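Notes follow the structure.
The values are calculated or read from the model by the stated rules, or taken from the named source; none is laboratory data. Small disclaimer: the values here were computed from a predicted structure and weren't measured. Glycine gets a Cβ as well: all are built from the backbone with ideal geometry, and neighbour counts include every protein chain shown. Quick note on the areas: whole protein, heavy atoms, side chains included, nothing else; ligands and nucleic acids left out. Shrake-Rupley method; radii C 1.70, N 1.55, O 1.52, S 1.80 Å.
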Amino acid sequence: MSSLCARREGWGPSSSLRDFDLTPCTEDALLSSLFALFILVSSTRIFYLAKYTSAISKGRAVLWVKQVLLGVVVVLSLFDLIVLALKPSTTHNRDALSLTHLSLSTLSFLLTLPLTHLESTRSRRSSSLILIFAPVYLILSAIRLRTIGTSTYIDGSVVFIVQVVIPSLYAVFWIFECLGPEYEFTSRIRLSGPDTLGHGTANGTANGHGEIGIGGEKKEHESPLATANIYSRWTFHWMTPLMKLGASKFIDEDDLDNLLPDDTSHALGEKLAHNLQGRGLWTALFLSYGGPYAFAALLKIIQDSLAFLQPQLLRWLLSYISSYQNTKAGGASKIEGFAVAVMMFVAGIFQTVVLHQYFQICFTTGMRVRAGLVTAIYRKSLILSSDARGKRATGDIVNLMSVDATRLQDLCTYGLISISGPFQITLAFISLYNLLGWPAFIGVLIMILSIPLNTLIARYLKKLQEIQMKNRDSRTRLMSELLGNIKSVKLFAWEGAFLGRVLGVRNERELVMLRKIGIVTALNTTMWTGIPVLVAFSSFAVAAATGSSALTSDVIFPAISLFMLLQFPLAMFSQVTSNIIEALVSVNRLSAFLAEEELQVDARDVRIPESEPVEGSLVLEMKGCDFSWSSPSSSSPPSRTSASGSASTSATASASLVPTLSDISLTAHSGQLIALLGRVGSGKSSLLSSIIGEMYRLDGSLDVRGVVAYAPQDPWIQSASVRDNILFGCVFEEEFYGVVIEACALKEDLALLKDGDLTEVGEKGISLSGGQRARISLARAVYARADLYLLDDVLAAVDSHVARHVFDHVIGPRGLLSSKARIVVTNSIAFLSQYDHLAFIRRGIILEQGTYEELASDESTEVAKLIAGHGNIASASASGRASGATTPRTDGEGTLVGRSRAGTPPSSSPSPKTEIDEKMEESEVFFEKMDKIRKSGISTRRARLLDPHLDSSSHSTETAKAAKKEHSEQGRVKRDVYAEYIRAASIWGFTLFLITAILTQISSVLGNFTLRAWGEHNRSDGVERGVSFYLLLYGLFSLGSVLFSCAGSILIWVYCSLRSAKRMHDAMLHAVLRAPLSFFEQTPMGRIINLFSRDIYVLDNILGRVIQNLFRTLATILGIILVISTSFPLFLVAVPPLGYLYYVVMVYYLATSRELKRLDAVSKSPIFAWFQESLGGLSTIRGFSQQNIFMIQNEKRLDRNQMCYLPSISCNRWLAARLEFVGSLIILVTALLSIWALVTTGVDAGLVGLVLSYGLNTTGSLNWAVRSASEVETNIVSAERILHYIRLEPEAPEFIPENKPDGEWPTKGLVEFRDYSMRYRKDLDLVLKDINLTIQPREKIGVCGRTGAGKSSLLLALFRIIEPAAGTIFVDGVDITTLGLHDLRSVIGIIPQEPQLFEGTLRENIDPTGSYDDAAIWVALEQSDLRAFVETLDGKLDAPVREGGASLSSGQRQLLCFARALLRKSKILVLDEATSAVDLDTDKSIQQIIRGPQFVDVTMLTIAHRLNTIIDSDRVLVLDAGRVAEFDTPKTLLEDPNSRFYSLALEAGLTN
């Protein structure tokens, strides 16, 4: 070793010649080790970077400067090495070590040249290696230069100058390296916006596909993390521009930066999907996102070690103070104390960096886990089998996304404490053993004994949590159904019944369970808070009783610091245990969902030819197919078989499962029009579902050759503009779009809408009529220009004349789709003669099929019987042009034949050009336009899909966007929100909680003062005296602290928090139920569900906890400041500057954090809304094969939320890094003041120990105070949002006692409209104008008119869904505007156009209020032709009904609504096209019921699309543009060929 180091001081390491210095050999050894490590790592990095091509052209000037500086450093280093090498070997400072040091330094600087070049041209960040190496090298060089400068042997001034210049130039190089590879001298870094560190590339590729805002412009804000160097990431400086922006203005989404490509939900979802194959969810999550998380675990271990270094440094300092006092400065070095103080400061800073990198990785991993899971849940939902989907309510699946995914995110945040906690506890006890000896293990024993207790509590909590999750699911499901069927709830006045159901689950199950969980959690927290106190007490007691030496301050206060450090892992252990329990429950739920059955992949064989099929080519072929909604018992998929034979697996499956559809054989060719007929529930819609792959194929083969378009019976309309609903992800082609609008009879409807086709329609198209929804759904299918069209009774919901128009222009032989294969489910026989092929289905079997002529001519066929039974319609249909029974044919030239004169108005009434003639002319013009388009190929060419990564809603107007945007406050949360919350929580309860928080802190401080007095007493006496007195006092104060803490926990958790949650939930539920229907038309259901799930969850579980944390932390800080200030009044001098720094950081943080949290909350709603909407339209999405597009749209919404979430968590880290710096400064100032006081005036170690043990807690307490204040403010936003809903403007009162009608009302059923006018909103035109009419008791009135005439508005008027603008309505002489809404709506019966059913039993669906006995319900079922069906069900009246009535056909759902009306026995009954979804036989029996004895005394208003249902009414009301056009008997109106009713009847073929 002497040959290595030949200098006289030797190895050292401390110098014997200079105070507080190292020997030159030690310094050279340290520098040599550093250079060797740098050479090793930099060589690897150079090799790695060399594989990539140069990509960056910016910052060339900076690179040139850096290369020049490095070149000079290399030359000087070589010079230094040569000078030393040339010296004689006898020179005192020339040895192997110095030569090694200079050789390695020269090689290091040489390697830095290519490394810098490659980092600058291949990477976008400054070299992390250089940035870590440079400061360490410069510090060691400074120490070395100080040694050389103060030593007596300087080898000539030139060499020394060179040795000074090399690190100086390297320091300049280091500064340039910090600027980054993309820095240019010509530009100035902009500080006013968040994109300071990089503005994104021109093509927006920063995040994979250039983030597009939903409904917004393309954002070019590249993530600053893409270019942030290691210092910026360590200190979170990359967040500073956004923080500055937040302090100067309210941040909105456009100010935020894009995500990094790897953090986009698409990338995260792909990673999880790949790793889920054949693995469990836990494994897949770890493989996908566990790498950085494992590194975070390492960082946490380092941070824990540093945390336990502080008490050791404190002990060193206190020992120094004691020895200084004892020797009276004789033997102790004055610099030692100051050095320890600086070391405590440096350790604190290093600890801060490590801790917050750990936190950032944990939070980011949580974000990734949530995004990956939400993407996986959404993807799974899109391929979920119909059977599996039926078992799960929408609310349940939404809960998986909103609650379970969030729980796993929460686990990632603090989950590593399960590893770190035991490590911290182990470190604490090793340190305590060093201080106290074996008495410390009394504490270990107490902790070991507490573990079984914790396990028991954890198991009990898990059980409670599982029950609670089910309760929450039940409530969310109820809310989901309530909101989905809100129109029926209001029309039937069922608000009370549903309120009772929801509050039953909420108050009797959910809150009771929350109270139990609250009590157990509060006791659990108290136990973990009390254990460190008990451990400290028992350890000190045993140490005092058995120890050989007295307990002094340098033992007590480091021990107290360790006990305080022990408190965090123990306190967090309960939270982490509960997080792990919740996560286990959630993973089980998620795993069960992800393992659910999916759609059968090979249910159909789809091949899409490159070119469109030519006319007559085969598009669909079904041979001997058996289908079932339930999956086959055989796990293997069915083999493809011929029609004659089946594979054994299929046969087995079929044997074990009764198929819904049996032996289905059907073919469809291009240009062919096929009708599917059959009674309600026979399997017509199921057949279409089987073609789009919704059912399991048990046997046979199904081949589809082309693109499919599907229009379901219940149209699915998105919450978007009419145009976006029709385009459905396709490119906008104006010419063809116009033709589609015209063909689907939407032109007049769009003219009535405020913004035309850019008008935003509410969720499920709630602001549109049933007919409009049906036609938009049809237009969507037509615009897709598919090869095979599946149309499920699309004409049922439209007026008969509109049905005629749509059939002629779209479906029929001359319609837009005439060259396509069309399969149409129909309950009408009006157009049967125009179909090329008919198929009659009964009980899942195609009973007969053939052409119209074949089946109609054979009287034994079901089709012939059907036509014979409804001959009036058939004959009407055969009556010429208006009916279209004569199938138009074209000659070889494409000219129409056989349409010349048939069906003109009777010659007996020669009139000028009638409305019919005008319509005919319009049709001819349209057909000419269509022929032109067909020749151009636009109508046959398949629609081009938009790039889903681009904004698909680009056509929406700004006003439409504004209407969709969720309400969000700005700025500080208003004081009245806090006041309302505290008022709801109880002012007295809250005050008591504050008192307990203050008393807890007072008890704790007094306990520590007791220890100080005891320690100083022992130091001065040298022996233990009065142990029992001090222990008793300490024990009492500690016990008081624990008990006050427990009382506070129970007060805030069980009393205040739940009280406010109950009051605010109930108030919001009441307010939402009392809101007018227009509110639900404009507010997406997902947004309201989000309030009732996520925001209520915050009130239930989070807000109370964060308020408790805030006030406890504030009390702790107050205690710290008082203790330090009373001990060192000089500390008060440091308080103002530190306070100012704290304030500035607070201002920046709170302003930005608040808005970011709001944006995070608001950006969550579109995810839920989109998810909920998608679940409602699964069959349509899958029918159009648009799953991929919908997944991308979901990913975009998720990315938008992540863009808000990532800065909001980074914002916390930015704050904590700065606050902990303030905390470290407080420790430094306190320690320096202590040493100063010691050196100048003298100070006791007990006081310093007390002050510094509190000072060490300052960092955490300051951080937690701001964090808690911010968490309170961000979580109180949930209360703010709830209060906004509580203050919704309600409808008219439900009850007005003074105006309640006497006795039974109405007794007659007389309805009078007097000067009645109505508008939907104040800023819109009148939709009903000056309506004056009287409807006599028992009169049957038919209401008709063209689309937009005001038929549905008349219905809304009668129920006061919308209040009159002028005039009023009288029922039996009572002005209905003076009544309570419940009194009015509960006495008028209605059978709505859309049958809305709820999950539950049949009985609950027919009679939700439970007002009728079983006998009355059975009578109603018999009258509505449902008794036979219900008697076949298991459970009969208690048979389960799936969500939305999915277990029943549309016709059965309609009949069930009929039973509701029959049960109510109202004197006034409104039928809103009540028979549109039923087959003709059922329709006939319903019409007989309506005209039967049970409705003789009922006044009836029938809004009709099919005029045959009102042709025998007493009188017919014809509306036109909101006015009464005609009101007379049908006979009178039909006798007048100029009447509007006559023209409508003529179009429907009813004039004969």
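The residues on offer are Ala803, Ala786, Ala781, and the sole one that is assigned to a loop (DSSP other than H, G, I, E, B) and among the small types (Gly, Ala, Ser) is Ala786.
Looking across Asp1438, Asp1425, one residue alone is closer than 24 Å to Thr394 by Cα and open to solvent by 60 Å² or more (accessible area, probe 1.4 Å). It is Asp1438. In the set Glu1280, Glu1298, Glu1294, only one residue is at pLDDT 85 or above and open to solvent by less than 30 Å² (accessible area, probe 1.4 Å); that residue is Glu1280. Number of residues in the stretch 60-77 that are modelled with pLDDT under 90, open to solvent by 30 Å² or more (accessible area, probe 1.4 Å) and either in contact with a helix residue (DSSP H, G or I) (Cβ under 7 Å, 6 or more places away or on another chain) or under 17 Å from Thr106 (Cβ atoms) (or both) equals 2.
Listed by position, the strands (runs of 3 or more DSSP E) contained in the stretch 1454-1548 that have at least 3 residues being open to solvent by 20 Å² or more (accessible area, probe 1.4 Å) are 1523-1528.
Given the criteria without any contact (Cβ under 8 Å) to a residue 12 or more places away in the chain, assigned to a helix (DSSP H, G or I) and under 19 Å from Gly1255 (Cα atoms), does Val342 qualify? It is false that Val342 is without any contact (Cβ under 8 Å) to a residue 12 or more places away in the chain, assigned to a helix (DSSP H, G or I) and under 19 Å from Gly1255 (Cα atoms). Screening Thr546, Thr577, Thr552 for residues that are surrounded by fewer than 20 Cβ atoms within 10 Å (Cβ to Cβ) and β-branched (Val, Ile, Thr) leaves exactly one candidate, Thr546.
Conditions (1) touching a Leu at 6+ places or on another chain (Cβ under 8 Å); (2) farther than 17 Å from Phe1313 by Cβ, marked per residue:
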{"site": "Thr1482", "(1), (2)": "yes, yes"}
{"site": "Met1500", "(1), (2)": "yes, no"}
{"site": "Asp1512", "(1), (2)": "no, yes"}
{"site": "Pro1530", "(1), (2)": "no, yes"}
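If the condition is being surrounded by 24 or more Cβ atoms within 10 Å (Cβ to Cβ) and outside any loop (DSSP other than H, G, I, E, B), then the stretch 791-800 contributes Leu791, Asp792. Looking only at residues in the stretch 764-775 that are of a type in the set (D, E, K, R) and open to solvent by less than 20 Å² (accessible area, probe 1.4 Å), the one that is farthest from Ser800 (Cα to Cα) is Arg773. Residues of the stretch 806-834 that are surrounded by 23 or more Cβ atoms within 10 Å (Cβ to Cβ), closer than 22 Å to Val704 by Cβ and over 43 Å from the mean Cα position of the chain (by Cα): none at all. Whether a residue is touching a residue at least 60 places away in the same chain (Cβ under 8 Å), part of a helix (DSSP H, G or I) and surrounded by 23 or more Cβ atoms within 10 Å (Cβ to Cβ) was assessed, and Leu1252 passes this test.
Residue count for the stretch 408-459 under the criterion of being open to solvent by less than 30 Å² (accessible area, probe 1.4 Å), over 21 Å from Val555 (Cβ atoms) and in a helix (DSSP H, G or I): the result is 11.
I'd like to know if the stretch 1035-1049 contains one or more residues that are over 30 Å from Trp988 (Cβ atoms), open to solvent by 10 Å² or more (accessible area, probe 1.4 Å) and either at pLDDT below 90 or part of a helix (DSSP H, G or I) (or both). Yes, there is a match, as at least one residue in the stretch 1035-1049 is over 30 Å from Trp988 (Cβ atoms), open to solvent by 10 Å² or more (accessible area, probe 1.4 Å) and either at pLDDT below 90 or part of a helix (DSSP H, G or I) (or both).
Given the condition assigned to a helix (DSSP H, G or I), modelled with pLDDT of 85 or more, among the aliphatic types (A, V, I, L, M) and surrounded by 20 or more Cβ atoms within 10 Å (Cβ to Cβ), answer yes or no: does some residue in the stretch 1137-1146 qualify? Within the stretch 1137-1146, not a single residue is assigned to a helix (DSSP H, G or I), modelled with pLDDT of 85 or more, among the aliphatic types (A, V, I, L, M) and surrounded by 20 or more Cβ atoms within 10 Å (Cβ to Cβ).
When Ala1292 is tested against the conditions (1) outside any loop (DSSP other than H, G, I, E, B); (2) more than 28 Å from Asp1528 (Cα to Cα), the lone failure is (1). Has the stretch 1301-1317 got any residue that is among the basic types (Lys, Arg) and assigned to a helix (DSSP H, G or I)? The answer is no; no qualifying residue exists.
In the stretch 79-100 there is no residue matching the filter, namely being modelled with pLDDT of 90 or more and open to solvent by 50 Å² or more (accessible area, probe 1.4 Å).
Applying the selection to the stretch 36-57, what residues are at pLDDT below 85 and open to solvent by 80 Å² or more (accessible area, probe 1.4 Å)? Once the filter is applied, which keeps residues that are at pLDDT below 85 and open to solvent by 80 Å² or more (accessible area, probe 1.4 Å), the stretch 36-57 yields Lys51, Tyr52, Thr53, Ala55, Ser57.
Do we find a residue being of a type in the set (Lys, Arg), modelled with pLDDT of 85 or more, touching a helix residue (DSSP H, G or I) at 6+ places or on another chain (Cβ under 6 Å) and assigned to a helix (DSSP H, G or I) anywhere in the stretch 241-260? No. One residue is enough: does the stretch 747-758 have a residue meeting the conditions under 28 Å from the mean Cα position of the chain (by Cα) and open to solvent by 20 Å² or more (accessible area, probe 1.4 Å)? Yes: one or more hits.
Restricted to the stretch 222-232, and to residues there that are part of a helix (DSSP H, G or I) and without any contact (Cβ under 8 Å) to a residue 40 or more places away in the chain, the residue that is nearest to Phe1221 (Cα to Cα) is Ser232.
Looking at the stretch 760-769, can you tell me whether even one residue there is within 30 Å of Leu483 (Cα to Cα), more than 30 Å from the chain's Cα centre (by Cα) and in contact (Cβ under 8 Å) with a residue 60 or more places away in the chain? Yes: one or more hits. Scanning the stretch 1420-1463 for residues that are without any contact (Cβ under 8 Å) to a residue 12 or more places away in the chain, of a type in the set (Lys, Arg) and either at positive phi or out of contact with any helix residue (DSSP H, G or I) (no Cβ under 8 Å at 6 or more places or on another chain) (or both) yields a total of 0. As a summary of the residue check, Ser319 satisfies the conditions (1) modelled with pLDDT under 85; (2) closer than 25 Å to Leu1156 by Cα except for the one numbered (2).
Let's see how each residue does on (1) in contact with a Leu (Cβ under 7 Å, 6 or more places away or on another chain); (2) within 26 Å of Glu1394 (Cα to Cα):
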residue	(1), (2)
Lys1300	no, no
Arg1314	no, no
Arg1319	yes, yes
Ile1331	no, no
Ile1341	yes, yes
Glu1363	no, yes
Ala1366	no, no
Asp1375	no, no
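Just one of the listed residues (Glu610, Glu597, Glu582) is surrounded by fewer than 17 Cβ atoms within 10 Å (Cβ to Cβ), of a type in the set (D, E, K, R) and at pLDDT below 85, namely Glu610. The set of residues from the stretch 1346-1382 being in a loop (DSSP other than H, G, I, E, B), basic (Lys, Arg) and open to solvent by less than 40 Å² (accessible area, probe 1.4 Å) comprises just one member, Arg1360.
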